[in-house]
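The values are calculated or read from the model by the stated rules, or taken from the named source; none is laboratory data. What you see is a predicted model; the values in this text were computed from it and never measured. Heads up, the Cβs are rebuilt from the backbone with ideal geometry, glycines too, and the neighbour counts pull from every protein chain shown. These accessible areas exclude ligands, DNA and RNA; they are computed on the full protein's heavy atoms, side chains included. Shrake-Rupley method; radii C 1.70, N 1.55, O 1.52, S 1.80 Å.
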Amino acid sequence: KRRYILCVTHLTELKGIDVLLRASKPLLTSDETLSLILVGDGPQLRELETLASSLGIRNKIHFVARKHQTEVATLLHDCEVFVVPSRAESFSIVVIEAMCCRKPVVATAVGGIPEIIEHEVSGILVEPENPQALAAGMLRVLTNTELRSTLVENGYSRAMEYFCFTRTGAKYEAAFASLLPSQS
């Protein structure tokens, strides 16, 4: 079975893929069985391929163009860890999707991500622009099975409790109903 770290994003500077490549180097070079799959396209594709080559890890990284939802779901279900290295992020739906697939998530503590992930409870949060911190977070998840299990179960529970459409739909309905004039 192939083992891989997964990131699904648009390849722009704000998404921090250059940071992920630098963070992945020690992990990929020390483990022959591990690779990195980057799903997405964008203006930085060629630049990131060049960076991967200069880091000596191009053969361990698979740049995959956009995929259909079912293909992304399969990749999510089979990955070892899901990573979001963003410099900025409003609200990351893909983090919730990874948690629903029972995958541990390592992400930067930017934008709305800390509203989704509780650090060391339902995922690992690291500071942005820090390849060493990102590498350390990924390594912890890859090597600590107890932590991994905790993050997976708590992440799934959190996603179901706070972000499942049945719960959020009911909250939207109640909010809209509260705006309507009362029918007395």
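Points worth noting:
- Any helices (runs of 4 or more DSSP H) falling wholly within the stretch 85-184 and containing at least 1 residues that are modelled with pLDDT of 95 or more: 93-100, 113-116, 131-143, 145-158
- When residues of the stretch 27-51 are limited to those that are acidic (Asp, Glu) and within 27 Å of His68 (Cβ to Cβ), the one least open to solvent (accessible area, probe 1.4 Å): Glu49
- The sole residue among Ala177, Ala109 that is on the phi < 0 side of the Ramachandran plot, more than 17 Å from the chain's Cα centre (by Cα) and of a type in the set (Gly, Ala, Ser) is Ala177.
- Test: residue in the stretch 47-64 that is over 18 Å from Lys103 (Cβ atoms) and at pLDDT below 95: no
- Every residue from the stretch 95-114 that is among the small types (Gly, Ala, Ser) and surrounded by fewer than 20 Cβ atoms within 10 Å (Cβ to Cβ): Ala109, Gly111, Gly112
- Subset tally (residues that are open to solvent by 10 Å² or more (accessible area, probe 1.4 Å) and polar (S, T, N, Q)) for the stretch 115-132: 2
- Selection status of Thr50, free of Cβ contacts under 8 Å to residues at least 24 places away in the same chain, within 16 Å of the chain's Cα centre (by Cα) and in a helix (DSSP H, G or I): no
- Test: residue in the stretch 63-70 that is assigned to a helix (DSSP H, G or I), out of contact with any Gly (no Cβ under 8 Å at 6 or more places or on another chain) and open to solvent by less than 10 Å² (accessible area, probe 1.4 Å): no
- As for the stretch 85-94, it holds no residue that is on the phi < 0 side of the Ramachandran plot, crowded, with 24+ Cβ neighbours inside 10 Å, under 12 Å from the mean Cα position of the chain (by Cα) and of a type in the set (A, V, I, L, M).
- The residues of the stretch 62-76 that are more than 23 Å from Lys25 (Cβ to Cβ) and in contact (Cβ under 8 Å) with a residue 12 or more places away in the chain, listed by number, are Ala65, Arg66, Lys67, Val72, Ala73, Leu76.
- Matching residues in the stretch 1-14 - criterion: being in contact with a Gly (Cβ under 9 Å, 6 or more places away or on another chain) and either crowded, with 23+ Cβ neighbours inside 10 Å or assigned to a strand (DSSP E or B) (or both): Cys7, Val8
- Annotation for the stretch 106-117: at least one member residue is in contact (Cβ under 8 Å) with a residue 24 or more places away in the chain and of a type in the set (Asp, Glu).
- Scanning the stretch 71-84 for residues that are closer than 19 Å to Lys15 by Cα and either open to solvent by less than 10 Å² (accessible area, probe 1.4 Å) or not in a helix (DSSP H, G or I) (or both) returns Leu76, Val81, Phe82, Val83, Val84.
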